[in-house]
Structures are given as structure tokens and as C-alpha cells.
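The values are calculated or read from the model by the stated rules, or taken from the named source; none is laboratory data. If you're wondering where the values come from, they're calculated on a predicted model, not measured in any experiment. No Cβ is skipped: glycine too gets one built from the backbone with ideal geometry, and neighbour counts run over all protein chains shown.
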Amino acid sequence: MKRLSLLVSGRGSNMAAIIDACRHGHLAATVELVISNHKTSPALTLAQANNIKTAHLNTDTHASPETLDRAMRDTLRAHDIDLVVLAGFMQKIGPHMLAHYKNRIINIHPSLLPKYGGQGMYGMNVHRAVMAAGEKESGATVHVVNDAYDAGTILAQQVVAVASTETPESLAIKVLQVEHVLFAETIQKIIDGRILLPTD
């Protein structure tokens, strides 16, 4: 069983889907730790209700990005984490984390990368951009995290159609439903070797 840590900023719907997949035996892993950069994140409450250890780490708890980065790395190391999963985590991962967990940090993004990725492209910003461009397709992408926003190796994607009557809000719902399935499926494929993480 692989030991996961989930990093979350908001309500944690992708986190909940991963926890459910573990509980029901669809994912050969355990969620050992949930970290949030928001003290009042609903994700922390949800994790605690599932008897999962939690940590609140941000620049309020640590004086500088450098000390925060080290604290996150050390917290994960203390829990013997195999794979770090960003599930709606709105904070750039620092160099100490990236070095220690190289190619073992993954994220899900609400577009078909490399389209509509990069700094500032998150949440509804992505869906509004997709609609403004008149795209006929969007979707979700699971990728490895590196030192540039949304630029790591793509591991899996799933397409959703953009209907002629679509709104950014309706598209967000469609993509999120895909994310909930795709993320857990991709993690399981990594665990059983059907998807290989980069080794560079």
C-alpha cells in the first residue's frame, strides 16, 4: 500500500474522491496526511472526520517561503510519504520539496494542458478562457509537478465536450466530475506500473 499525502487549499472535493477510492478498495493506497495552507479549509475538517492526520502550514506559521518549504518537506518525510498529491492546492511548490520528492508530486489541472495552463490559470479563470476562445473540447490533465506552473510531464488526460449552450459554470461542473474519477484512476495506474513517473 502506497502512503499518500494530499495538499489542499479549498473544500477538498478531489481529496474526498481519493479518500473514498481508498476506502472502497479502488485505490491501493492510504491517505496518511492532509496539508492545507488555509487554517479554515473545509478539507481539514473532512480529513479529521476520516481520522486522517492534518497540518496547517503557510507563511503565517512560518516566517519565509524558505522555512515554509523546508517545513512542508520535513512534515511529509516524518509521515514516510510515497506520493504527494496536489488536490486544489493554491501555492507554488518550493525547491526543497521538489528536490526531495522529485517526480513524486502530481497535480490535476482543469484543462487539456498545455492549453490554458500557467500562472493565474486556475479554477474559473481556466473555464472562462476556454469559453472565450470558443473551444469545442476541454477536460482535465494529471501531470507531474516541477518548478514551472502546469509544465511537468503529462500523465493522463480526459476530454469533455464543450456544448454550444455551455457556460463557464456548467463547464466547471463537467470537468470536476471527470477529475474525481481521473485522479484516482491515474494514481492507481502509477501504483501498479501502468503509468511510469519520469526518472530524470
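Observations on the structure shown:
- So Tyr122, is it closer than 17 Å to Leu7 by Cα, buried (at least 17 other Cβ atoms within 10 Å of the Cβ), under 17 Å from the mean Cα position of the chain (by Cα) and hydroxyl-bearing (Ser, Thr, Tyr): yes
- Matching residues, segment 5-29, being in contact (Cβ under 8 Å) with a residue 40 or more places away in the chain, assigned to a helix (DSSP H, G or I) and touching a strand residue (DSSP E or B) at 6+ places or on another chain (Cβ under 8 Å): Asn14, Met15, Ile18
- The set of residues in segment 145-174 that are within 14 Å of the chain's Cα centre (by Cα) and surrounded by 18 or more Cβ atoms within 10 Å (Cβ to Cβ) comprises Val145, Asp150, Gly152, Leu155, Ala156.
- If the condition is being in a strand (DSSP E or B) and either buried (at least 20 other Cβ atoms within 10 Å of the Cβ) or out of contact with any strand residue (DSSP E or B) (no Cβ under 9 Å at 6 or more places or on another chain) (or both), then segment 30-54 contributes Val31, Leu33, Val34, Ile35, Ser36.
- Matching residues in segment 72-128 - criterion: being in contact (Cβ under 8 Å) with a residue 24 or more places away in the chain and among the hydroxyl-bearing types (Ser, Thr, Tyr): Thr75, Tyr101, Ser111, Tyr122
- Any hit, segment 58-71, residues being crowded, with 21+ Cβ neighbours inside 10 Å and not acidic (Asp, Glu): yes
- Looking only at segment 32-65, and only at residues there that are among the charged types (D, E, K, R) and in contact with a His (Cβ under 8 Å, 6 or more places away or on another chain), the one that is farthest from Ile18 (Cα to Cα): Lys39
- Set His109, His100: member being at pLDDT 95 or above and more than 24 Å from Gln177 (Cβ to Cβ): His100
- Selected residue [modelled with pLDDT of 95 or more and either assigned by TED's automatic domain parsing to the domain that holds Leu68 or more than 29 Å from Leu57 (Cα to Cα) (or both)] from Leu176, Leu155, Leu171: Leu171
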